[in-house]
Amino acid sequence: MVELADATRCRLLAALEMHELTVGELAAGLRLPQSTASRHLKILADQSWVTSRAEGTSRWYRRNPELPADMVQLWTFVRGAMAQTPATAQDTARIEAIVAARRARSETYFATASAEWDSLRTELFGTRADLGAMMALLDPSWTVGDLGCGTGSLAEAIAPHVRRVHAVDASPAMLTAATARLTPYTNVTVAEGSLEHLPLADRCLDVAVLMLVLHHVPNPVKALQEVHRVLKPHGRLLITDMRTHVHDRFREQMGHVWLGFDAGSLDGWLRDAGFSGTRYVPLPVDPNAQGPALFSCTATMMPKPAFVVA
Ligand SMILES: C[S@@+](CC[C@H](N)C(=O)[O-])C[C@H]1O[C@@H](n2cnc3c(N)ncnc32)[C@H](O)[C@@H]1O
């Protein structure tokens, strides 16, 4: 363990005990030529005094957090002797200043970037990054039905996070697009069927999602009863659709049967179909969206009575 017989290596190790640092930061903080810092770091790394990781074009060093006991003992002794010198105090002050400046760069950036952050976030990560991330909160043991799946965009978002997705739609053209999109996901089945006659077994779903489909259904209670049939006893239902609106032309253009839904009508239909605990939440309006505002409505299966008195 002759590596610590060199004062420069001891200074490097003391700095790397405080913070994870790059060679450039170490050279600046300890007032060393970068080549000298690199040379001594290599010796320390070869003897396991320091570890490093690559991050982009930088390499970050720190004191090995898992030093064997005899190395810890030697370093504690050397470190104690160094702590009393003015040179060590100056090294410490410069290294702390470098780390503070690094932190300040990010703080300064966010202090000035709040106005542009939303658009930069979209530019870097797209508009659905946060919603995509929230999918990880889904229970991985769930079987989910995307009922009225259309081209399968929701099923695609859910599939990586749950055990199985059943994507069902009445339109063969939509299903062709959904099948092409969902082929890479081995846990997704795509099937033709209607909400009124689902091609699914009784009590097979943990969650049923009706995303922008209920406004096409002439008899919502009948469809909701069918959804109730395929849900497990603890199952949950999510309906996302349009809030009541006045765009009458949607009937002609897209075959809408209902001009959106209010909380009261949905709650009544859901109760009639055997659901309880209806929660209707208006969704924030997207400033770029041209269509009516949306809501999300969740409900659970109505609890069965523990026993029935004849
Ligand atoms: C507006 S699209 C929405 C598709 C998808 N859920 C989405 O959010 O992108 C409505 C879909 O519901 C389907 N659909 C309409 N009535 C249906 C019914 N009674 N049973 C099953 N699917 C139906 C249509 O074929 C269409 O694919």
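The values are calculated or read from the model by the stated rules, or taken from the named source; none is laboratory data. Since we're looking at a predicted model, the values are computed, not measured. When we count neighbours, we look across all protein chains shown, and the Cβ atoms used for this are built from the backbone with ideal geometry, even at glycine.
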Run Asp146 past the list (1) more than 9 Å from the ligand (Cβ to nearest atom); (2) of a type outside the set (Val, Ile, Thr); (3) within 18 Å of Val230 (Cβ to Cβ) and report the number of the one that doesn't hold. (1)
Within segment 117-127, does at least one residue satisfy the condition of being within 16 Å of the ligand (Cβ to nearest atom), out of contact with any Asp or Glu (no Cβ under 7 Å at 6 or more places or on another chain) and under 30 Å from Gly193 (Cβ atoms)? no
Looking at this structure, is Thr57 exposed (fewer than 11 other Cβ atoms within 10 Å of the Cβ) and either touching a residue at least 12 places away in the same chain (Cβ under 8 Å) or of a type outside the set (A, V, I, L, M, F, W, C) (or both)? yes
Please verify whether Thr51 is within 21 Å of Val23 (Cα to Cα) and outside any helix (DSSP H, G or I), treating the condition exactly as stated. yes
Restrict the check to segment 102-113 and report whether at least one residue is at pLDDT 90 or above and of a type in the set (Asp, Glu). no
Of the listed residues (Arg94, Arg121), the one being more than 23 Å from Leu205 (Cα to Cα), under 18 Å from the mean Cα position of the chain (by Cα) and surrounded by 13 or more Cβ atoms within 10 Å (Cβ to Cβ) is Arg121
Listed by first then second residue, the pairs whose first member lies in segment 254-270 and is assigned by TED's automatic domain parsing to the domain that holds Val213, whose partner is within 11 Å of the ligand (Cβ to nearest atom) and outside any helix (DSSP H, G or I), with beta carbons under 6 Å and at least 6 positions apart or on separate chains, are Val257/Pro218; Gly260/Met242; Phe261/Asp241
Residue list for segment 204-243, filter: out of contact with any Phe, Trp or Tyr (no Cβ under 8 Å at 6 or more places or on another chain), basic (Lys, Arg) and away from the ligand (no atom under 14 Å from the Cβ): Arg229, Lys232, Arg236
Pair list, Cβ < 7 Å and 6+ apart or interchain, from segment 72-86 residues that are farther than 16 Å from Val2 by Cα to residues that are in a helix (DSSP H, G or I) and modelled with pLDDT under 90: Met82/Thr88
Go through segment 128-143 and count every residue that is exposed (fewer than 15 other Cβ atoms within 10 Å of the Cβ) and more than 16 Å from the ligand (Cβ to nearest atom). 9
If you check Leu266 against the conditions, is it surrounded by 15 or more Cβ atoms within 10 Å (Cβ to Cβ), near the ligand (Cβ under 10 Å from one of its atoms) and either in a helix (DSSP H, G or I) or at pLDDT 95 or above (or both)? no
Enumerated strands (runs of 3 or more DSSP E) restricted to segment 130-249, each holding at least 3 residues that are out of contact with any helix residue (DSSP H, G or I) (no Cβ under 8 Å at 6 or more places or on another chain): 164-169, 231-242
How many residues, within segment 186-203, are in contact with an Asp or Glu (Cβ under 7 Å, 6 or more places away or on another chain) and more than 11 Å from the ligand (Cβ to nearest atom)? 0
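Here is a yes/no grid of residues against (1) over 17 Å from Phe295 (Cα atoms); (2) surrounded by fewer than 19 Cβ atoms within 10 Å (Cβ to Cβ); (3) over 32 Å from the mean Cα position of the chain (by Cα):
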position: Glu192; (1), (2), (3): yes, yes, no
position: Arg203; (1), (2), (3): yes, yes, no
position: Val221; (1), (2), (3): yes, yes, yes
position: Val227; (1), (2), (3): yes, no, no
position: Pro233; (1), (2), (3): yes, yes, no
position: Val246; (1), (2), (3): no, yes, yes
